[in-house]
Amino acid sequence: MLNRNPRLANLTSGYLFPEIAKRRAAYAKAHPDASIISLGIGNTTEPLTPHVVRGLSDSVAKLGTKEGYSGYGDETGLAPLRAKIASVLYGDLVTAEEVFVSDGAKCDIGRIQYLFGPDAAVAVQDPAYPVYVDGSVMIGAAGPALASGSGYEGISYMPCTAENGFFPDLSAIPPKSIIYFCSPNNPTGAVATKAELKALVDRARATGSVIVFDSAYSAFIRDPELPRSIYEIDGARECAIEVSSFSKPIGFTGVRCGWTVVPRELAFADGTPVMNDWARLVTTIFNGASNIAQAGALASLDAEGLAETRELTDYYLRNAAVIREALSAPNFRAAGVEIYGGDNAPYVWARFPGRKSWEMFDRILDECRVVTTPGAGFGPAGESFLRFSSFGHHEQVLEACSRLAKLTL
Ligand code: PLP
């Protein structure tokens with residue numbers, strides 16, 4: 001029999017969400033009558049909106065006609081969608097040819113690692129969305145888990161803590177790194193300011209690094225001063241790739257559509273444009289996003305679609321406000337619980353001083369029948385935190401919050 005890919009063997013088994021599901025299932029088995037509410041995962045819950053549904057269903061109907069049928073499309077995406085992403089979402093800071101439509105940000109984050117291979121250094125925010133690190137381990141850019149249990153060999157973790165305003169010390173970035181940076185951030189809910197992103201871009205350029213900027217949650221930004229894209233920053237076109245998604249703005253978590261921007265100016269050390277290799281890569285190992293999904297995404301970018309996006313993201317932000325309020329109740333205040341995020345992002349990040357994340361996860365599951373996400377699962381700096389997700393039906397979020405009010409701390 002063939003040997004197992006040693007890089008896959010390097011992955012530690014406990015990918016966060018399966019572990020949460022396991023504990024939830026064990027609790028449900030032991031308490032079959034308990035109604036459990038999840039504020040745990042980042043999966044959307046509200047139905048697709050009418051105008052976007054029309055975009056999807058018109059596309060399906062068209063595919064059922066001789067004249068309207070199309071098979072494989074351009075692997076880089078439908079031309080009108082690429083143009084609309086560039087103009088509507090980026091105000092023409094990028095061009096249509098720099099936008100590559102995909103089946104989602106997560107998939108592209110995995111594929112981007114092929115651009116740089118196993119020898120690239122990797123720097124990540126700590127805590128971080130797990131795919132940046134796990135993808136790096138899979139491609140061999142990171143080694144086995146450290147004996148301390150806090151991370152992997154070969155990854156430079158950049159702690160984002162309450163003390164540094166969730167913006168890391170950039171001097172930790174080694175030369176020639178892939179820097180994964182997510183804003184609005186999953187899990188902390190923090191959004192980097194323009195000045196912070198300028199410092200990040202300057203550091204990337206000074207170290208010959210490339211930023212992989214994940215803006216999957218940009219539609220939740222309400223503060224007009226906060227940047228929605230790395231390309232709002234001077235110099236970013238020379239050092240940054242941006243990955244993004246229709247999953248959270250319009251509920252396409254199951255429909256699947258996202259995009260990646262690779263600017264023309266971005267080049268490898270030998271001068272080859274990164275864009276050329278990205279085009280080669282996606283046309284080789286990816287056959288394009290579903291044409292139906294792309295039609296829905298296109299509908300979301302006209303006036304009606306944008307109004308629906310706003311309404312949908314407002315809905316989740318209202319949930320986040322309710323969660324923030326619940327975590328400010330006297331029982332939490334007395335225990336010194338600190339609350340972050342949730343105003344320009346769908347996640348509320350709460351610190352429980354002196355407690356472990358998994359201990360608080362179990363406690364809240366046991367006492368309140370509410371599932372959260374342990375911060376420690378996102379990286380060593382997430383210890384003592386829990387992430388509360390605002391993706392849920394409003395009534396259920398209200399019920400979960402009324403249960404939290406009774407938590408003994
Ligand atoms: N990036 C971040 C930061 C996320 O939190 C998620 C999903 O939770 C994704 C990307 C995945 O996006 P997609 O559904 O487009 O693959």
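Data for the structure
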item: Relative contact order, percent, the stretch 51-302 [alpha-carbon distance under 8 Å, six or more residues apart]; result: 25
item: Residue among V370, G117, H394 farthest towards the positive dipole end of the chain, charges placed on Cβ; result: V370
item: Amide hydrogen neighbours beyond the local backbone of A121, cut-off 5 Å, H modeled; result: I178
item: Karplus-derived 3J(HN,Hα), 6.51/-1.76/1.60, for each residue of the stretch 88-95, Hz, glycine and proline x; result: 7, 8, 10, x, 6, 6, 10, 9
item: Within the stretch 95-235: Cβ-based charge dipole about Cα centre, in debye rounded to nearest 20 (Lys, Arg +1; Asp, Glu -1); result: 60
item: The stretch 233-277: trypsin sites (Lys or Arg not before Pro) in DSSP loop, at most 15 other beta carbons within 10 Å; result: R264
item: Contour minus Cα-Cα distance for T283 and D270 (0.36 nm per residue); result: 2.4 nm
item: Residue among P273, P32, P380 with the largest mean-square fluctuation in a Gaussian network model of the chain, springs linking Cα atoms under 10 Å; result: P32
item: Coil-residue trypsin sites (Lys or Arg not before Pro) of the stretch 322-409, DSSP, other Cβ within 10 Å capped at 11; result: K406
item: Placed amide H near T76: partners under 5 Å, 5+ positions off or other chain; result: none
item: Length released on extending from D92 to L2, taking residue separation times 0.36 nm less the Cα-Cα span; result: 27.4 nm
item: The chain - accessible surface per residue (Å², probe 1.4 Å); result: 42
item: Choice from L93, L306, L327 with maximal GNM fluctuation in the chain (Cα, 10 Å cutoff); result: L93
item: Flagged links, alpha-carbon separation over 26 Å, of K198/K356; K176/K248; K62/K106; K84/K194; K84/K176; result: K198/K356; K176/K248; K62/K106; K84/K176
item: When the chain is reduced to its Cα atoms, the Kirkwood hydrodynamic radius in Å; result: 22.0
item: Helix-only [θ]222 nm of the chain, DSSP H runs n ≥ 4, -39500 (n - 2.57) each, per residue, nearest 500; result: -11000 deg cm²/dmol
item: Phi to ³J(HN,Hα) by Karplus 6.51 cos²θ - 1.76 cosθ + 1.60 over the stretch 37-51, Hz, x for Gly, Pro; result: 10, 9, 10, x, 9, x, 8, 6, 10, 8, x, 4, 8, x, 5
item: Segment Y27-S70, length gained on full extension (0.36 nm per residue, minus Cα span); result: 10.7 nm
item: At R0 = 35 Å, FRET efficiency that the Cβ-Cβ distance of I36 and S171 yields, to 0.05; result: 0.20
item: Sequence-distant residues sharing a close amide H with Y152 (under 5 Å, placed H); result: L146
item: Candidates S150, S290, S183: whichever shows maximal mean-square fluctuation once the chain is modelled as a Gaussian network with Cα springs under 10 Å; result: S150
item: Centroid-to-centroid separation of the stretch 240-311 and the stretch 199-221 [C-alpha atoms, Å]; result: 17
item: Among G251, N185, A199 - extreme Cα towards positive end, dipole of the stretch 176-263, charges at beta-carbon; result: G251
item: Under the Karplus curve 6.51 cos²θ - 1.76 cosθ + 1.60, θ = phi - 60°, whole-Hz ³J(HN,Hα) for the stretch 76-83, x wherever Gly or Pro sits; result: 8, x, 5, 4, x, 6, 4, 5
item: Selected from I155, L63, Y231, residue furthest toward positive end of dipole (the stretch 51-302; charges at beta carbon); result: L63
item: Charged-residue dipole, Cβ positions (Lys, Arg, Asp, Glu), the chain about Cα centre, Debye nearest 20; result: 900
item: Neighbour cut-off at most 16 other Cβ (10 Å), DSSP loop, trypsin sites (Lys or Arg not before Pro), the stretch 60-143; result: K66
item: Cα centre as origin, Lys/Arg/Asp/Glu Cβ charges: the stretch 1-69 dipole, Debye; result: 320
item: Share, in percent, of DSSP beta bridges within the stretch 51-302 that are antiparallel, nearest 5; result: 35
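The values are calculated or read from the model by the stated rules, or taken from the named source; none is laboratory data. Everything numeric in this text was worked out from a predicted model, so none of it was measured. FYI the Cβ positions are ideal-geometry reconstructions off the backbone, even for glycines, and counts take in every protein chain you see. Side chains are part of the model used for accessible areas, which takes the heavy atoms of the whole protein and leaves out ligands, DNA and RNA. Shrake-Rupley method; radii C 1.70, N 1.55, O 1.52, S 1.80 Å.
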